[in-house]
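Everything on this sheet refers to the single structure shown next.
The values are calculated or read from the model by the stated rules, or taken from the named source; none is laboratory data. Keep in mind the model is a prediction, meaning the values are calculated, not measured. All Cβ positions, even for glycine, are placed from backbone atoms using ideal geometry, and neighbour counts span all protein chains on display.
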Amino acid sequence: MTDTPLAGIELVLADLDGVIYRGADAIPYAIESINAIQAAIRVAYLTNNASRTDESVAAHLTELGLQVVPDDVVTSPQAAVRLLAGLVPAGAKVLVVGGEGLTVEIEKGGFVVTRSAEDSPAAVIQGFAPEVGWKDLAEAAFALQTGIPWVATNTDWTLPLARGTAPGNGTLVSAVHTAVGILPVVAGKPELAIYDEAMTRYGSRAALMIGDRLDTDIKGANRAGIPSVQVLTGIDQAKQVLAAVPDERPTFLLDDLRGLHEPYPATIVDGELTTVGTAAVRLSKNRLTAEHGAGIDLLRAASTAIWSSGTPIYALVVAPELYS
């Protein structure tokens with residue numbers, strides 16, 4: 001056995017949807033696991049969700065049983081406003097596509113909010129809110145046709161909600177992109193702006209990112225040069241983990257956040273055999289099979305075998321018990 005995933009970490013950066021809660025409810029074991037960290041390690045919450053303010057996020061987390069103040073929450077609108085400040089003059093008029101979580105940060109940054117392209121805005125900033133509709137997207141498209149900067153809080157394709165998976169801000173950004181033929185500057189995960197915002201605010205780069213999405217949380221952590229945890233309580237599950245491309249591969253794989261406090265088993269590779277904890281897999285030619293074991297150790301072994309093989313998963317025959 002080796003150390004826990006928290007060894008040497010000064011700052012935990014935790015995603016929210018799919019890690020701490022799903023919809024309004026806490027994910028099992030998340031609250032007690034995070035509370036057990038806070039005595040020794042600073043915990044910050046990174047969210048691409050632009051529809052809520054840091055105050056509302058902190059209040060929700062407090063209701064769930066965590067000890068959180070607004071300064072513990074880093075939102076994609078905060079990172080987006082930092083980007084915006086480098087693109088347009090202070091106090092400029094900005095066309096906002098989004099809700100309160102975005103408008104509050106725009107106003108904190110000293111910019112003037114408008115909803116109409118006819119007001120000649122200096123830039124467009126776009127984030128998700130449930131009330132965003134066609135008229136909002138059309139105003140953004142009209143404004144962007146003048147050549148002004150465009151900042152998006154994030155481009156997540158989906159949102160994990162209590163009722164299931166819903167379209168995210170990426171679908172709305174894509175609609176505007178289709179109309180205008182340009183792409184925005186993006187602030188949220190997996191881009192570096194939100195990670196830089198967090199690590200600058202808390203004064204440490206000895207950070208660990210905890211997420212449920214390979215293409216945002218984990219990819220962003222890899223870009224930022226920090227270790228990451230993929231927890232299987234949200235969007236990406238075993239199939240996605242096994243098929244992860246190199247820049248979306250996590251440092252650690254956990255069933256749930258209790259694993260933060262457990263020694264992480266070492267990986268042993270002996271020829272065709274890869275062993276992790278109580279599980280082992282065999283990669284022989286292009287066929288990956290389970291030798292023994294089950295659960296998260298089996299997934300850890302299988303993912304290591306695939307990732308280290310240099311062979312893309314579509315060229316392998318993978319036993320169903322490794323991903324089902």
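Tabulated values for the structure
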{"quantity": "Close pairs (6 angstrom Cβ cut-off, 6 or more residues apart or separate chains): assigned by TED's automatic domain parsing to the domain that holds residue 170 in the range 86-98, surrounded by fewer than 18 Cβ atoms within 10 Å (Cβ to Cβ) and aliphatic (A, V, I, L, M) anywhere", "calculated": "93/112; 96/113"}
{"quantity": "Tally of residues being assigned to a strand (DSSP E or B) and not small (Gly, Ala, Ser) across the range 141-176", "calculated": "8"}
{"quantity": "Test for residue 159: is it in the same structural domain as residue 137 (by TED's automatic domain parsing), under 29 Å from residue 9 (Cα atoms), touching a helix residue (DSSP H, G or I) at 6+ places or on another chain (Cβ under 9 Å) and in contact (Cβ under 8 Å) with a residue 24 or more places away in the chain", "calculated": "yes"}
{"quantity": "Candidates 43, 57, 68, 12, filtered to the one that is among the aliphatic types (A, V, I, L, M), part of a loop (DSSP other than H, G, I, E, B), under 20 Å from the mean Cα position of the chain (by Cα) and at negative phi", "calculated": "68"}
{"quantity": "Residue, surrounded by the fewest Cβ atoms within 10 Å (Cβ to Cβ), within the range 276-303, restricted to residues that are closer than 22 Å to residue 256 by Cα, of a type in the set (A, V, I, L, M, F, W, C) and modelled with pLDDT of 95 or more", "calculated": "296"}
{"quantity": "Verdict on residue 17 being crowded, with 21+ Cβ neighbours inside 10 Å, at pLDDT below 95 and more than 30 Å from residue 119 (Cβ to Cβ)", "calculated": "yes"}
{"quantity": "Elements of type helices (runs of 4 or more DSSP H) contained in the range 177-265, each with 2 or more residues being crowded, with 23+ Cβ neighbours inside 10 Å", "calculated": "192-202, 219-224"}
{"quantity": "Any chance residue 235 is more than 22 Å from residue 4 (Cβ to Cβ) and modelled with pLDDT under 95", "calculated": "yes"}
{"quantity": "Flag if residue 81 is surrounded by fewer than 22 Cβ atoms within 10 Å (Cβ to Cβ), under 30 Å from residue 218 (Cβ atoms) and modelled with pLDDT of 95 or more", "calculated": "no"}
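Residue by residue, here is whether (1) in contact with a helix residue (DSSP H, G or I) (Cβ under 7 Å, 6 or more places away or on another chain); (2) of a type in the set (Phe, Trp, Tyr); (3) assigned by TED's automatic domain parsing to the domain that holds residue 130 holds:
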site: 151; (1), (2), (3): yes, no, yes
site: 166; (1), (2), (3): no, no, yes
site: 180; (1), (2), (3): yes, no, yes
site: 196; (1), (2), (3): no, no, no
site: 213; (1), (2), (3): no, no, no
site: 225; (1), (2), (3): no, no, no
site: 230; (1), (2), (3): yes, no, no
site: 245; (1), (2), (3): no, no, no
